[in-house]
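A short write-up of the structure that comes next.
The values are calculated or read from the model by the stated rules, or taken from the named source; none is laboratory data. Just so it is clear, the model here is predicted, and its values are computed rather than measured. Cβ coordinates were reconstructed from backbone atoms using ideal geometry, including for glycine residues, and neighbour counts include every protein chain displayed.
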Number of protein chains: 2
Amino acid sequence: MLRVALLGCGTVGTGVLELLSRSSLPLVVRGVAVAHLDRPRAPVVSPELLTDRPFELVSQSDVDVVVELIGGLDPAESLVRAALEAGKDVVTANKALIAERGEALLALARSRGRRLLYEASVCAGTPVIRAARALAAGGVWRLAGILNGTCNYVLSRMAAGMEFDDAVRLAQQRGFAEADPTLDISGRDAAQKLVVLVREAMGLVVPPDAFAVEGIAQVRRGDLLAAREQGYALKLVAVARRDGEKLQLRVHPGLIPLGHPLAQVEEELNALLIESDGTGEVFLRGRGAGALPTATAVLADLLELMTGAGTMTLATPARLSIVPHGEVRARRLLRIEVADELRAVRTLTDQLAAAGVSLDHLSAYPVPDRGTVLTVLTGRAPGANLANALAALVRADLCTAPVRSYLLEELGEEGT
Amino acid sequence: MLRVALLGCGTVGTGVLELLSRSSLPLVVRGVAVAHLDRPRAPVVSPELLTDRPFELVSQSDVDVVVELIGGLDPAESLVRAALEAGKDVVTANKALIAERGEALLALARSRGRRLLYEASVCAGTPVIRAARALAAGGVWRLAGILNGTCNYVLSRMAAGMEFDDAVRLAQQRGFAEADPTLDISGRDAAQKLVVLVREAMGLVVPPDAFAVEGIAQVRRGDLLAAREQGYALKLVAVARRDGEKLQLRVHPGLIPLGHPLAQVEEELNALLIESDGTGEVFLRGRGAGALPTATAVLADLLELMTGAGTMTLATPARLSIVPHGEVRARRLLRIEVADELRAVRTLTDQLAAAGVSLDHLSAYPVPDRGTVLTVLTGRAPGANLANALAALVRADLCTAPVRSYLLEELGEEGT
């Protein structure tokens with residue numbers, strides 16, 4: 001049973017408690033340090049866990065791991081130091097802390113035999129830190145990312161015709177931008193993320209202020225259109241590129257060829273392209289902010305602390321039933337080769353109607369030496385109903401080849 | 001210093017030794033077990049390390065970690081068991097072993113306090129295992145992947161007009177398909193991968209033969225075209241979908257909407273979409289096979305064993321110089337607002353020519369109340385040269401607003 005102390009209980013802290021309440025992880029929260037004991041909290045926050053004495057909490061003997069969700073350098077840095085010095089592992093979502101003080105804190109953790117994990121500090125639930133680390137041994141020579149969701153959202157809205165100020169306001173309304181969006185808009189947030197990723201992927205330690213950073217405040221709508229006319233998407237990009245002993249680093253509004261996966265990253269999404277000698281291009285895309293995405297990454301680090309020692313697994317032998325294919329409701333594309341087209345179509349439509357399967361599209365093409373191929377798109381129906389209808393076609397000896405049936409995967413939609 | 005024993009020295013084993021020879025990891029290879037001592041080997045394989053007695057190697061007292069690269073169940077399973085029982089950590093690239101015997105082997109590892117890592121077993125260097133694990137705490141409800149590079153390559157070639165048999169042969173010639181491609185073409189390889197990912201992401205243990213699997217042998221070229229006409233790409237998809245206590249699992253040629261990122265995964269690439277309550281959609285794409293990609297994942301696991309205990313970091317304080325922005329050679333898109341268009345264009349072209357910057361495109365649009373905006377696309381040149389040319393324009397008082405300059409990122413290309 002891992003015993004956890006939370007520092008900070010804003011949206012991310014509440015998200016962590018929310019996810020924990022849904023999970024069956026062998027993990028118990030010993031205390032939650034907050035600045036204001038009397039502020040109203042979500043029901044998932046047990047009032048008896050709250051304390052306004054974080055330094056006492058992080059050195060409590062019944063705590064194994066400290067989760068730092070305060071943000072900023074002060075007092076987060078002192079608390080993380082105190083926790084490591086007290087022999088606790090630390091999980092943090094604090095990007096500024098890791099970008100500015102990462103080396104010193106990692107050294108402290110090593111000297112104490114503790115671990116400092118920070119997947120949540122960059123791109124929230126999109127596991128770019130783990131990916132960067134996994135590819136490090138392959139010789140990473142380029143990172144190219146869209147690392148700030150606020151900027152990407154604003155530029156996406158501007159590309160769709162909105163003015164800069166209106167787009168920023170909309171981002172704020174929708175929760176993608178802070179009340180003071182300066183850190184995002186200026187590109188400094190993306191620069192901090194780039195610095196962390198460069199260390200993880202390339203093993204190079206660079207201070208966040210060692211390279212020029214340009215934000216999106218100067219971008220005009222017409223610039224986005226002009227870029228598109230020339231075949232490019234205008235994005236706030238963060239790029240690190242290693243050439244032998246030289247390293248290029250930049251964060252700025254740059255142009256990406258329209259066909260490239262990075263150009264297709266829209267709205268508040270983040271993405272990262274990692275290029276290495278060992279694996280070529282690896283591309284990741286996902287949400288880069290938000291309470292639950294960030295909380296998911298925090299829990300991933302807690303899980304790693306639990307499984308890292310090889311003492312547990314998340315795998316639960318749950319009593320789930322595997323759905324037989326015949327019960328899967330879906331639309332399907334059929335390809336049916338027939339000799340007698342008219343009789344086949346009549347039989348097919350009769351049988352589909354009898355099986356309660358609607359017919360959304362039907363076309364027929366002659367095929368040299370093989371009669372006719374029918375292309376049929378069905379409505380949503382259980383596979384078994386369709387199989388029955390097709391069996392009747394076969395029984396009537398109407399098919400000249402086995403029917404091919406392709407299920408339409410409903411990606412990006414909720415229903416099944 | 002981590003002491004490693006390799007089991008197997010085919011293309012992946014050689015790749016591991018190759019990457020190790022290029023890296024400065026604190027890691028030493030104690031022995032390499034092979035079936036045939038007298039077979040010719042790459043220069044990176046030191047002959048004095050070779051042995052044909054794998055069981056002796058895995059229990060050697062000067063070995064910390066055993067890397068299993070033999071493949072298949074026999075003798076790989078016995079060797080991995082022997083290694084764990086001898087107190088060694090194990091890293092394996094063996095998909096069949098993890099899919100078929102993963103639970104028992106993980107239980108053995110836990111009982112001995114050892115770790116069993118297998119990032120390389122699924123999608124090689126694309127870190128899908130780490131991603132699946134990182135998102136597990138967020139409540140993963142769907143996995144949808146293109147997990148077999150051979151099938152995706154064959155279907156991509158067929159979509160471009162090639163016959164099935166020719167496409168398979170080409171895949172073999174290009175090294176994407178085995179001499180006997182049955183395991184790939186039948187869909188069973190993808191099913192094994194799906195089973196591993198379902199355990200990592202959903203915590204559910206499913207035997208690989210618990211659900212129906214359909215390969216691509218029946219797919220006709222016309223089916224691909226008909227699917228496209230209806231707005232879908234036909235891919236070998238592997239899908240797991242959880243609905244409460246019900247689990248759908250399928251591997252089959254299925255249809256993906258053309259606009260979806262999975263539909264744009266072409267040639268031998270693999271991809272995985274992970275959907276969770278916590279993070280929404282996370283998408284990964286990369287190479288899923290090959291010697292160096294697989295070796296990169298093996299090294300990632302070795303690195304994790306080294307860093308997991310918090311005792312080391314890959315970060316090297318290398319003496320790299322950060323390239324000043326002015327030295328970065330690139331094409332750039334300029335947006336220049338001017339009042340006197342003709343004089344501005346003349347000055348600009350003169351200055352660019354003097355600075356050695358070629359002009360690939362120039363257009364001018366009138367802007368209400370703001371004169372004219374020039375859109376300029378330059379050839380590749382150092383930023384400083386361009387800055388000088390633009391400074392002259394400003395000095396001549398020709399600009400009515402700050403010039404916006406956007407660097408074209410050369411993604412997908414090698415040169416800079």
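Which members of the range A:1-44 meet the condition of being of a type in the set (Lys, Arg) and within 26 Å of the chain's Cα centre (by Cα)? Across the range A:1-44, the qualifying residue is only A:Arg22. Within the range A:361-408, if we keep just the residues that are touching a residue at least 12 places away in the same chain (Cβ under 8 Å) and of a type in the set (D, E, K, R), the residue that is nearest to the other protein chains (Cβ to nearest Cβ) turns out to be A:Arg404.
For the list (1) more than 14 Å from chain B (Cβ to nearest Cβ); (2) small (Gly, Ala, Ser); (3) over 20 Å from A:Glu100 (Cβ atoms), I need the number of the one condition that A:Ala144 fails. Going through the list (1) more than 14 Å from chain B (Cβ to nearest Cβ); (2) small (Gly, Ala, Ser); (3) over 20 Å from A:Glu100 (Cβ atoms), A:Ala144 breaks only (1).
Those helices (runs of 4 or more DSSP H) of the range A:166-278 in which 1 or more residues are farther than 30 Å from B:Thr296 by Cβ and outside the structural domain of A:Asn148 (by TED's automatic domain parsing) are absent.
Yes or no: B:Ala339 of a type in the set (A, V, I, L, M) and surrounded by 14 or more Cβ atoms within 10 Å (Cβ to Cβ)? So B:Ala339 fails the test.
When each of A:Ala201, A:Ala227, A:Ala233 is tested for being touching a Leu at 6+ places or on another chain (Cβ under 7 Å), farther than 24 Å from B:Leu333 by Cβ and within 11 Å of chain B (Cβ to nearest Cβ), the lone residue that passes is A:Ala201.
Hey, can you tell me all the residues within the range A:108-126 that are farther than 22 Å from A:Ala297 by Cα and in a loop (DSSP other than H, G, I, E, B)? Residue satisfying the conditions is A:Gly113 alone. Checking each residue in the range B:236-251 for being of a type outside the set (Lys, Arg), surrounded by 19 or more Cβ atoms within 10 Å (Cβ to Cβ) and more than 7 Å from chain A (Cβ to nearest Cβ) picks out B:Leu236, B:Ala238, B:Ala240, B:Val251. Restricted to the range B:62-102, and to residues there that are free of Cβ contacts under 8 Å to residues at least 24 places away in the same chain and farther than 18 Å from B:Gly13 by Cβ, the residue that is farthest from the other protein chains (Cβ to nearest Cβ) is B:Asp74. Is one or more of the residues making up the range A:260-271 over 22 Å from A:Val168 (Cα atoms) and among the aliphatic types (A, V, I, L, M)? No: the range A:260-271 contains no residue that is over 22 Å from A:Val168 (Cα atoms) and among the aliphatic types (A, V, I, L, M).
Yes/no matrix, rows are residues, columns are (1) modelled with pLDDT of 95 or more; (2) more than 9 Å from every other protein chain (Cβ to nearest Cβ); (3) over 25 Å from B:Arg241 (Cβ atoms):
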position: A:Ala295; (1), (2), (3): yes, no, no
position: A:Thr311; (1), (2), (3): no, no, yes
position: A:Pro317; (1), (2), (3): no, no, no
position: A:Ile322; (1), (2), (3): no, no, no
position: A:Val338; (1), (2), (3): yes, yes, yes
position: A:Arg346; (1), (2), (3): yes, yes, yes
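Applying the criterion of being assigned to a loop (DSSP other than H, G, I, E, B) and among the basic types (Lys, Arg) to the residues of the range B:352-402, the residue that is surrounded by the most Cβ atoms within 10 Å (Cβ to Cβ) is B:Arg380. Test A:Ala364 against the criterion of being within 25 Å of B:Val239 (Cα to Cα), among the hydrophobic types (A, V, I, L, M, F, W, C) and out of contact with any Cys (no Cβ under 8 Å at 6 or more places or on another chain), and give yes or no. Here the answer is no, as A:Ala364 does not meet what is asked.
Checked against the criterion of being out of contact with any Ser or Thr (no Cβ under 7 Å at 6 or more places or on another chain), in contact (Cβ under 8 Å) with a residue 12 or more places away in the chain and not in a loop (DSSP other than H, G, I, E, B), the candidates A:Leu37, A:Leu105, A:Leu19, A:Leu57 yield just one match: A:Leu105. With respect to the conditions (1) surrounded by 23 or more Cβ atoms within 10 Å (Cβ to Cβ); (2) among the hydrophobic types (A, V, I, L, M, F, W, C); (3) in a helix (DSSP H, G or I); (4) more than 10 Å from every other protein chain (Cβ to nearest Cβ), A:Ile129 falls short on a single one, namely (4).
Considering only the range A:204-224, state which residues are without any contact (Cβ under 8 Å) to a residue 12 or more places away in the chain and more than 9 Å from chain B (Cβ to nearest Cβ). Passing the criteria: only A:Asp209. Would you confirm whether any residue within the range B:272-284 is of a type in the set (Asp, Glu) and facing chain A (nearest Cβ under 8 Å)? Within the range B:272-284 (the criterion being of a type in the set (Asp, Glu) and facing chain A (nearest Cβ under 8 Å)), the answer is yes, since at least one residue qualifies. For the range A:74-93, the candidate set comprises residues that are assigned to a loop (DSSP other than H, G, I, E, B) and over 26 Å from the mean Cα position of the chain (by Cα); within that set, the residue that is surrounded by the fewest Cβ atoms within 10 Å (Cβ to Cβ) is A:Asp74.
Might you let me know whether the range B:108-117 holds any residue that is within 23 Å of A:Val282 (Cα to Cα) and within 12 Å of another protein chain (Cβ to nearest Cβ)? Yes, because at least one residue in the range B:108-117 is within 23 Å of A:Val282 (Cα to Cα) and within 12 Å of another protein chain (Cβ to nearest Cβ).
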